[in-house]
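Novice: The structure's right below; bear with me while I get my questions together.
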Amino acid sequence: MKDLLCNLSSWFYEKSKNNLVLLLLLAVFLSFNAIIMPYFAKLYGLQDQVLLDLQFGFTPEFAYTVLAGYGEYGRQGIMVFTGIVDNIYPLVYGSLLAFSISRLKRKADARNSSCQFINLIPFTAVLFDFMENTGILIMIQNYPDKIIPVAWATSFAGMFKWILVVSSILILLFYLLKTFAKPLIVKP
């Protein structure tokens, strides 16, 4: 397993040299946020609704109140969105973060070893995002029945997702600062 992770980490470090990959991922990421997600929200009348994916934890009571508020058409929309779009989006943001961390870490740390797993942290967020999506789909498929353990597990998966996404962004900012602050530090 360690060899597999090492190879994956090394692959990201190697491919992060390519500006085109980063620009393409950034374009896809921005397209999701500016076009695709708003389109689905408008299509299913969810633009003013609370989305469970965006919550940092929730109680089962809150989750099922939100699902009830969507109405049948909104729940169908969430099923389509979560089942298709929201299973692609995590791979996009995870890859963008992994490539960005890899690139900045490589620039910031000249003595780097390509087998350093910090660039894979975004993919732990992706795994928790997939768990969260699965939980949301299970809750909607079984609605109006309430499966309390699934709601709690979905909430915890979402919290771990957000913790790992924020951690990835902080790592990215650290290497960004380290990369661009290094030339400003004058040694006597």
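Novice: Only one of (1) exposed (fewer than 12 other Cβ atoms within 10 Å of the Cβ); (2) touching a residue at least 24 places away in the same chain (Cβ under 8 Å); (3) part of a helix (DSSP H, G or I) is not met by Leu4, so which one is it?
Specialist: Status for Leu4: all satisfied but (2).
Novice: Now a separate question. Residue pairs, Cβ under 7 Å, 6 or more apart or interchain, first in segment 65-88 and more than 11 Å from Leu52 (Cβ to Cβ), second loosely packed, with under 14 Cβ neighbours inside 10 Å and not small (Gly, Ala, Ser). List them.
Specialist: Gly77/Leu43
Novice: When you go through (1) in a helix (DSSP H, G or I); (2) over 19 Å from Asp145 (Cβ atoms); (3) at pLDDT 95 or above one by one for Phe56, which number turns out not to apply?
Specialist: Checking Phe56 against (1) in a helix (DSSP H, G or I); (2) over 19 Å from Asp145 (Cβ atoms); (3) at pLDDT 95 or above, the one that fails is (1).
Novice: Can you give me the number of residues within segment 40-65 that are buried (at least 19 other Cβ atoms within 10 Å of the Cβ) and either in contact with a strand residue (DSSP E or B) (Cβ under 9 Å, 6 or more places away or on another chain) or hydroxyl-bearing (Ser, Thr, Tyr) (or both)?
Specialist: Result for segment 40-65: 2.
Novice: Being surrounded by 18 or more Cβ atoms within 10 Å (Cβ to Cβ), closer than 18 Å to Ser155 by Cβ, of a type in the set (A, V, I, L, M) and within 20 Å of the chain's Cα centre (by Cα) narrows it down to one residue among Ile78, Ile101; which is it?
Specialist: None of the others qualify; the one that does is Ile78.
The values are calculated or read from the model by the stated rules, or taken from the named source; none is laboratory data. Quick caveat: nothing in here was measured; it's all calculated off a predicted structure. Glycine gets a Cβ as well: all are built from the backbone with ideal geometry, and neighbour counts include every protein chain shown.
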